[in-house]
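For reference, the structure discussed in these notes is given below.
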Amino acid sequence: MNTAALNATSPAPTPYLSGGRSWFVLGVLLVCFGGLTVRAVYLQGLNQAFLQAKGDARYMRSLDITATRGVIVDRNNDLLAISTPVESVAATPRVASDIMTASQQKRLAKLLHMEPADLQRKLADTNREFVYLKRQLAPDQAAKVVELDIPGVFLQREFRRVYPAGEELAHVIGFTNIDDKGQEALELALEDNLRGKPGSRRVLKDRKGHIIEDIEDIRAPQHGARITLTIDAKIQHLAFRELKKAMAEHRAKTGGIVVLDAQTGDVLAMANFPTYDPNQRAVVDPSRTRNRTLTDLFEPGSTLKPFTVAVALEQGVVTPATMIDTAAGQLTIGKATINDAHPSGALSVAQVIQKSSNVGSAKVALRLPPEKMWQLFNSVGFGTPPQSGFPGEVAGRLRAHASWKPIEQATMSYGHGISVSLLQLARAYTIFATDGELRSPALIKRDYATPAKQVISPQTAQAVRKMLEMAVQTGGTAPRAQVAGYRVAGKTGTAHKLEGRGYAANRYISSFVGFAPVSNPRIVVAVMVDEPTAGQYYGGLVAAPVFSEVVGGALRLMGVAHDAPVEKIVLPPAPVIKEEV
């Protein structure tokens, strides 16, 4: 047998490891397997929470569940403010910037009416999980965004505030910003009650940012409270309409009107002009957002005379029949002279109110201790905030009586040297509409009756009420305040406006405050028109007709029974009794 044949038939040699080498290899394998086992135990047991968190961070997200802002309704549950759902476009920059193509980015920017550079800037910070691209889109526009199906770009549900009453109640309700947070008026004052508390839910997202599964609700949203106002939307519409008409007719600068429930103090209407549309917040002029009936002060003029007479009646220094000599319509005190616009000679105290005599009012006031006048003025709320709950309401100006000079006491008797808001003035007149009780004003409907404050005696209140009814009849300063079917009472005011340290010669504030029906007063209405420039400026010609229209319409809406003939009022061709302070 040759060597080649032997090699061909012999088996291959078997590898051989010595005993030491075998154990070494086995030890190495065991150590590797042991290390893997320890690592597995560590990862799956001891460090599981950390790894789970890392995994969740990549695919699991916590999303806010928006709380609906509370609605605002009037006393009859008519909607005044409501939040409606809208869609906004948002994105996860990390996902969108990585996956979105240049073509998609261009189409998205065009759809959102944005420059591509602006869109890129919003998506530049990839560390952010959420960024708004466009807020509060129209429904058709939002649908087109969905059709693009861009990873990392999605719709976010939001709410937009809508105000059905628009400009009519803008100064009372206010408005919210794009984040549905209150910015003005009651929307701001009641923010904590209206805004609610958002909830949250945990979801699972894929790498493109799409939600593929709802995991759980972490916290349920708490929706905002429902707020019921004392406002009556129908009376508000009426008051706003008549004020707007008067502003146009007399070419006035500003104006305001307040309607109170005489029996409770509830604010039934509160309107201002100029106004704004809270549904168009992008173009709101800040100078138009102020609720002037609460935040602006003016000298009330002759509308303050009934309070001076009330003090005198309470102190027993006069009666309604007491005669006051107004002489030639002039009264000189020191270096100053008080004038009547229409000299009348001797007048009874009742006629002083009816014909609005400055001299008569001053002479009544000078019979009184200054502190007694101050006490009544302070008791009806002058010089203190009316506590209506509205933000920014002012206290007015009522100086301490210790500093009054005789001329100041005399002029204050007819509304000079004192400043009030229109709401303060309307509230003060509730003492004449009731039996001497002051009602606290309210804008938020209450489930309880607030106690009234007795300020003057029922006898004094009834006596002044009769004088105020005389003022709207023939021979008074405000026959144009009469209302067919109802007895009304009230007082005009025509005051020169302050200008520097004195009074402007040809700039006036025209006002009227009154109530009806006299037999059982239900409403108090105060009207103020600032700087009428169309020729007429007396309160009886400018403000009283607004009162008449609002009172007649409001009492009919309230179903109040007539207490006077229902025939249309025909005014006699008598000359207007002038009034000016």
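Extension gain for Asp325-His113 works out to 68.7 nm (0.36 nm per residue, less the C-alpha to C-alpha distance). Sorting 95-107, 182-194 by average packing, meaning the other beta carbons within 10 Å per residue, from highest down gives 182-194, 95-107. Close amide H contacts of Ile577 (hydrogens built in the peptide plane, cut-off under 5 Å, sequence separation of 5 or more or a different chain): none are found. Solvent-accessible surface of the chain, averaged per residue with a 1.4 angstrom probe and all protein chains in place: 47 square angstrom.
Annotation: lysines with alpha-carbon distance below 18 angstrom to Lys245 (same-chain offsets under eight excluded): Lys234, Lys253.
Of the trypsin sites (Lys or Arg not before Pro) found in the stretch 215-303, those in coil by DSSP whose Cβ has at most 13 other Cβ atoms within 10 Å are Arg226, Arg251. Overall, the accessible surface of the stretch 308-446 at a probe of 1.4 angstrom is composed of carbon and sulfur to the extent of 51 percent.
Projecting the Cα positions of Gln120, Gly415, Leu188 onto the charge dipole of the chain (unit charges on Cβ atoms of Lys, Arg, Asp and Glu, taken about the Cα centre) puts Gln120 furthest along the positive direction. The gain in end-to-end length when the Phe130 to Lys197 segment is fully stretched comes to 22.1 nm, 0.36 nm per residue minus the alpha carbon separation.
The stretch between Lys466 and Asp140, if pulled fully straight at 0.36 nm per residue, gains 111.0 nm over its current Cα-Cα span.
Which of the lysines could a cross-linker bridge to Lys106, judged by Cα under 17 Å and excluding same-chain residues fewer than eight apart? Candidates past the 8-residue exclusion: Lys122, Lys134, Lys144. Computed on the chain, the Cα convex hull volume stands at 255 Å³ per residue. The trypsin sites (Lys or Arg not before Pro) of the stretch 331-363 that meet both conditions, a loop assignment by DSSP and at most 13 other Cβ atoms within 10 Å of the site Cβ, are Lys335.
Of the residues Leu79, Leu425, the one with the largest accessible area comes first in the ranking Leu79, Leu425, computed with a 1.4 Å probe on protein heavy atoms. Note: relative contact order over the stretch 274-405, using C-alpha pairs below 8 Å and six or more positions apart, is 22 percent.
The simple Förster model, with R0 at 51 Å and r as the Cβ-Cβ distance, assigns Arg397 and Gln222 a FRET efficiency of 0.75. Atom-type composition of the exposed protein surface of the stretch 456-530 places 46 percent of the accessible area on carbon and sulfur (1.4 angstrom probe). Excluding same-chain neighbours fewer than eight residues apart, the lysines reachable from Lys466 by a Cα-Cα span under 16 Å are Lys305, Lys355, Lys491.
Taking chymotrypsin sites (Phe, Trp or Tyr not before Pro) as exposed when DSSP calls them loop and at most 13 other C-beta atoms lie within 10 angstrom, the chain has its longest site-free stretch at 131-447. What would the Debye formula give as log10 I(q)/I(0) at q = 0.18, 0.21, 0.28 Å⁻¹ for the alpha-carbon point model of the stretch 109-163, no solvent? Listed by q, the Debye log ratios stand at -0.68, -0.91, -1.38. Shown here for the stretch 473-563: trypsin sites (Lys or Arg not before Pro) in loop regions (DSSP other than H, G, I, E, B) with at most 16 other Cβ atoms within 10 Å, namely Arg501.
The values are calculated or read from the model by the stated rules, or taken from the named source; none is laboratory data. The structure displayed is predicted, hence computed values, not measured ones. All Cβ positions, glycine included, derive from the backbone under ideal geometry; neighbour counts span all protein chains shown. Accessible surface is based on the protein model in full, side chains and every heavy atom, while ligands, DNA and RNA are left aside. Shrake-Rupley method; radii C 1.70, N 1.55, O 1.52, S 1.80 Å.
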